[in-house]
1. Compute the long axis of helix 138-148 from its Cα atoms, compare it with the longest principal axis of the Cα atoms of the chain, and write down the angle in degrees, 0 to 90, nearest 10.
2. Test of understanding: extend the Cα→C-beta vector of Gln140 to 7 Å, then name every residue of segment 94-111 with backbone N under 18 Å from that spot.
3. Given the chain, what whole percent of its Cα pairs are spread farther than 20 Å?
4. Of Leu157, Leu38, Pro51, which is farthest on the positive side of the dipole of the chain, counting Cα position, with +1 on Lys and Arg Cβ, -1 on Asp and Glu Cβ, and the Cα centre as origin?
5. With every protein chain left in place and a probe of 1.4 Å, what is the accessible surface of Asp5, to the nearest 10 Å²?
6. Using only Cα atoms, find the angle between the long axis of helix 34-48 and the longest principal axis of the chain, and express it within 0 to 90 degrees, rounded to the nearest 10.
7. Report, ordered by chain and residue number, the aspartates and glutamates lying within cross-link reach of Lys119, taken as a straight Cα distance under 16 Å and ignoring same-chain residues fewer than 8 apart.
8. Running a GNM on the chain with Cα contacts under 10 Å, which residue among Ser101, Ser126, Ser23 ends up with the highest mean-square fluctuation?
Amino acid sequence: HNIYDFINSHLKNFGYTIEFKASGYIVSSLGINLDIILNELDKVMLYYKNPCTIKYEDVIEIISKPLDDNIFHFIDACINKKSQDIIRIYKDLKTCKVDESMLIILLAREYRFIYDIKKMVQNHLSINEIMKELGMQEWQVKKNYNESLNYSEKELLNNIKELAKIDEKIKTGELNKNICLNNFILNILS
């Protein structure tokens, strides 16, 4: 309860008020780290420019999402080729200074899971056998199988190989990781 009072008091010092639902979203998204909350409140006040009541709809668009959620949603958007989501989330990740190498590795891992599940289903393995083989939960196997329906084996293998080449060239210093990831994203969207 004190965190809500803190948010209201901080905003009141600058002449702002906030809808209860908006402050609830801030707390549920950011936890109780006061430094992060203050940074996000400053961003919200910059958005409005003049003191007023801060709206829930604006807060969900302005504040940074939790990093783990953003990474998961970024990978999911890439796999499902959702261009607007990819661009929006990638901007958030860059703001948080997430290492592109990590995103490349996570993308490659996800494509590998999708490929493996596609092959296992073709070889008539049951969901339980796939779960045991890959150490995954049922929902993960079903999600990756559904995603595999949107890809040919060749496309999955090409993405896996391309990400492996990118990873190698980044590690040897031949390529810039930011440019590599941007190019990969452009390729999957074309």
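The values are calculated or read from the model by the stated rules, or taken from the named source; none is laboratory data. Worth saying up front: this structure is predicted, and the values here are computed from it rather than measured. Heads up, the Cβs are rebuilt from the backbone with ideal geometry, glycines too, and the neighbour counts pull from every protein chain shown. Each accessible area value is taken on the protein alone, full model and side chains, heavy atoms only, with ligands, DNA and RNA left out. Shrake-Rupley method; radii C 1.70, N 1.55, O 1.52, S 1.80 Å.
1. Tilt relative to the chain: about 70 degrees.
2. Answer for segment 94-111: 103-111.
3. Considering the chain, 63 percent of its Cα-Cα pairs are separated by more than 20 Å.
4. Projecting each Cα onto the dipole axis, the largest value belongs to Leu157.
5. Surface open to solvent at Asp5 totals about 70 Å².
6. Taking Cα atoms only, the helix is inclined about 80 degrees.
7. Glu110, Glu129, Glu133, Glu147, Glu153, Glu155
8. Ser126
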